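Engineer: Sharing a structure with you now.
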Amino acid sequence: VTGSGAFSYCAKLESFNAPKLSSITGSLLSQNKKLKNVFLPNATELKLAAFMNCTAITILDFPKLSTISGTSVFSGCKSLKTLILRNTEKIITLSDDSLKSTPISTSGTSTDVEYGTGYIYVPRAFLNSDDPTFDYRQKTNWSNYASQFRALEDYTVDGTTTGEIDPNKI
């Protein structure tokens, strides 16, 4: 689905489920202040302001994502604390254009990931400091977020590293 804001400015939209959607672009879901839950299991591409100003989103999980490009993909997602990138076949491409106006945020509306208090979870195999070609923390355009990367295998719903779930945080 492309187009300028096909599902933008939906004042009551709290959940978006599109299992067949593969490309999210053109401000597709931007400006949805109540949007909290997004299910895009087959999305392979995020572009240009796809989630811009979706201020209620705290977690985004992408099983098949392969590319993030364009500007302001997550700009203004000030509640975004966790970005989960599950692709086990390759490191997700983060384009040069995206870095110039960082896809994680833009000035004044930073996400917790941008501030350094949120996390990006990726498969442990892509956090291999012995081989920089297979390490998100050392890849071009991702290195700005080096301290925010965590192994997907250590991810828990409540953010603990022990695997113990605190029901007060769920």
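Engineer: Check region 123-135 and report whether any residue there is part of a strand (DSSP E or B) and at pLDDT 65 or above. Give the steps one after another, and end with the answer.
Structural biologist: If we filter region 123-135 for residues that are part of a strand (DSSP E or B), which is where we start, we get 127, 135.
Within this subset, residues satisfying the condition of being at pLDDT 65 or above are 127, 135.
Yes, some residue in region 123-135 is part of a strand (DSSP E or B) and at pLDDT 65 or above.
Engineer: Say we look at region 37-49 and pick out the residues that are modelled with pLDDT under 90 and in a loop (DSSP other than H, G, I, E, B); which of these is most open to solvent (accessible area, probe 1.4 Å)? Explain how you work it out, then say what you get.
Structural biologist: Narrowing region 37-49 to residues modelled with pLDDT under 90: 47-49.
Add one more test, that the residue is in a loop (DSSP other than H, G, I, E, B), and what stays is 48-49.
Values: Leu48: 85, Ala49: 6 Å².
Once the filter is applied, the top-ranked residue is Leu48.
Engineer: Moving on. Please specify each residue of region 79-90 satisfying the condition of being in contact with a Gly (Cβ under 7 Å, 6 or more places away or on another chain) and either surrounded by 24 or more Cβ atoms within 10 Å (Cβ to Cβ) or outside any strand (DSSP E or B) (or both).
Structural biologist: So the first thing to find is which residues in region 79-90 are in contact with a Gly (Cβ under 7 Å, 6 or more places away or on another chain), and the list is 80-82.
Leu80, Lys81 - these are the residues of region 79-90 that are in contact with a Gly (Cβ under 7 Å, 6 or more places away or on another chain) and either surrounded by 24 or more Cβ atoms within 10 Å (Cβ to Cβ) or outside any strand (DSSP E or B) (or both).
Engineer: What is the number of the single condition among (1) in contact with a helix residue (DSSP H, G or I) (Cβ under 6 Å, 6 or more places away or on another chain); (2) surrounded by 17 or more Cβ atoms within 10 Å (Cβ to Cβ) that Ala151 does not meet?
Structural biologist: (2)
Engineer: Can you name the residue in region 59-78 that is at pLDDT 90 or above and in a loop (DSSP other than H, G, I, E, B) and, of all such residues, is surrounded by the fewest Cβ atoms within 10 Å (Cβ to Cβ)?
Structural biologist: Among them, the one singled out is Pro63.
Engineer: May I ask you to list the residues in region 18-36 that are under 16 Å from the mean Cα position of the chain (by Cα) and either outside any loop (DSSP other than H, G, I, E, B) or loosely packed, with under 12 Cβ neighbours inside 10 Å (or both)?
Structural biologist: Ser23, Ile24
The values are calculated or read from the model by the stated rules, or taken from the named source; none is laboratory data. None of these values were measured; they are calculated from a predicted model. Heads up, the Cβs are rebuilt from the backbone with ideal geometry, glycines too, and the neighbour counts pull from every protein chain shown. To get the accessible areas, we keep the full protein, side chains included, count just its heavy atoms, and leave off ligands, DNA and RNA. Shrake-Rupley method; radii C 1.70, N 1.55, O 1.52, S 1.80 Å.
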